[in-house]
Amino acid sequence: RRSKPNDRAGGRCQGPCLRLLSYMAVAARRVVGVYDRLLGSAPLRVKSASSALIAGFGDNLCQNAVEQRESYDFARTARFMLVGGVLVGPTLHAWYEVLATRIPGATAMAAAKRVALDQGVFAPVFVPVFTMSLAAVEGSQAALHDAATRLRKDYVDLLSGNIAIWTPAMFISFWRVPPSYRVLFANIVGIAWNTYASWVIGKRVTA
């Protein structure tokens, strides 16, 4: 059979592509191994650092892909990273431990109960705390006043977005993800949440 051009191209690509995938898999295993070692020695610091990086990446994605800003606001990204590392990481670390203690077990029912508490009790309180913390880090009374005013206006939208993103994600996390990886899992899902929150909250703290 005479080989077609696409067949020959596919054959040429097959070897390098497989090697690239193999290298990527090895690199991923090494990253996970390093993360495991660091997590074992300093869990809170590792979770805080990963939360800061994800929060910054979410704001970066928002500014470049969603808002398509002509001039990048580095200070805003720094605020998101600071709040992510100082507030979000430690708070999630402690909250997930409380949930695991109060509602033990790895069943779907236990996961559903944790999600109900997470979205019914924790989220309605933490969303305004997160928003006001970003304004407080900005360091001006005007920013706090603006954040409070707009929070009253957009609170339902923020909470609805939080519920839409986090309800299925947290069910998977509480049901299938090992406890030590739950903050990391939340940080990865948090790329979507931080991008959305940055778009909504960023208008407040920069207005």
Inset, instruction - Enter the accessible area per residue of segment 61-173 (Å², integer; probe 1.4 Å; all protein chains in place). - result: 52
Inset, instruction - Select one label from (1) 35, 25, 17; (2) 34, 19, 18; (3) 61, 20, 16: the one whose number is semi-axes √(5λ) of the Cα gyration tensor in Å as derived from the coordinates shown. - result: (1)
Inset, instruction - Compare 178, 124, 90 in a GNM of the chain, Cα atoms joined below 10 Å, and give the one with the largest fluctuation. - result: 178
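Efficiency by 1/(1 + (r/R0)^6): what FRET value for residue 101 and residue 129, r their Cβ-Cβ distance, R0 = 30 Å, to the nearest 0.05? Don't jump to the answer; show the numbers that get you there.
Working: r = 22 Å, r/R0 = 0.73.
Calculated value: 0.85.
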Legend entry - Calculated log₁₀ intensity ratio I(q)/I(0) where the Debye formula runs over C-alpha points of segment 61-169, q = 0.24 Å⁻¹: -1.40
Legend entry - Residue among 137, 82, 109 farthest towards the positive dipole end of segment 66-137, charges placed on Cβ: 109
Legend entry - Degrees between helix 182-205 axis and first principal axis of the chain (Cα, 0 to 90, nearest 10): 50
Inset, instruction - Could you tell me how many degrees, from 0 to 90 and to the nearest 10, lie between the Cα long axis of helix 43-61 and the main elongation axis, the longest principal axis, of the Cα atoms of the chain? - result: 90
Legend entry - Helix-only [θ]222 nm of the chain, DSSP H runs n ≥ 4, -39500 (n - 2.57) each, per residue, nearest 500: -28000 deg cm²/dmol
Inset, instruction - For segment 46-99, run through the trypsin sites (Lys or Arg not before Pro) and keep only the ones in DSSP coil with at most 15 other Cβ atoms within 10 Å of their Cβ. - result: 69
Inset, instruction - Report, in whole Å, the centroid distance computed from the Cα atoms of segment 34-51 and segment 138-207. - result: 22
Inset, instruction - Treat every Asp and Glu Cβ in segment 95-171 as -1 and every Lys and Arg Cβ as +1, leave all other atoms uncharged, and give the resulting dipole magnitude about the Cα centre to the nearest 20 debye. - result: 240
Legend entry - Nearest 10 degrees, 0 to 90: helix 123-138 Cα axis against the chain principal axis: 80
Legend entry - Highest-MSF residue in the chain out of 77, 131, 167 [GNM, Cα springs under 10 Å]: 167
Inset, instruction - First compute the accessible area of segment 39-142 with a 1.4 Å probe, then give the percent of it belonging to carbon and sulfur atoms. - result: 67
Inset, instruction - Pick out which of 187, 162, 64 has the largest mean-square fluctuation in a Gaussian network model of the chain, springs linking Cα atoms closer than 10 Å. - result: 64
Legend entry - From phi via Karplus (6.51, -1.76, 1.60), per-residue ³J(HN,Hα) for segment 63-74 in Hz, x at Gly/Pro: 5, 8, 9, 8, 7, 6, 5, 6, 10, 6, 9, 5
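The values are calculated or read from the model by the stated rules, or taken from the named source; none is laboratory data. Note that this is a predicted model, so its numbers are computed, not measured. All Cβ positions, even for glycine, are placed from backbone atoms using ideal geometry, and neighbour counts span all protein chains on display. Heavy atoms of the whole protein, side chains included, go into the accessibility calculation; ligands, DNA and RNA do not. Shrake-Rupley method; radii C 1.70, N 1.55, O 1.52, S 1.80 Å.
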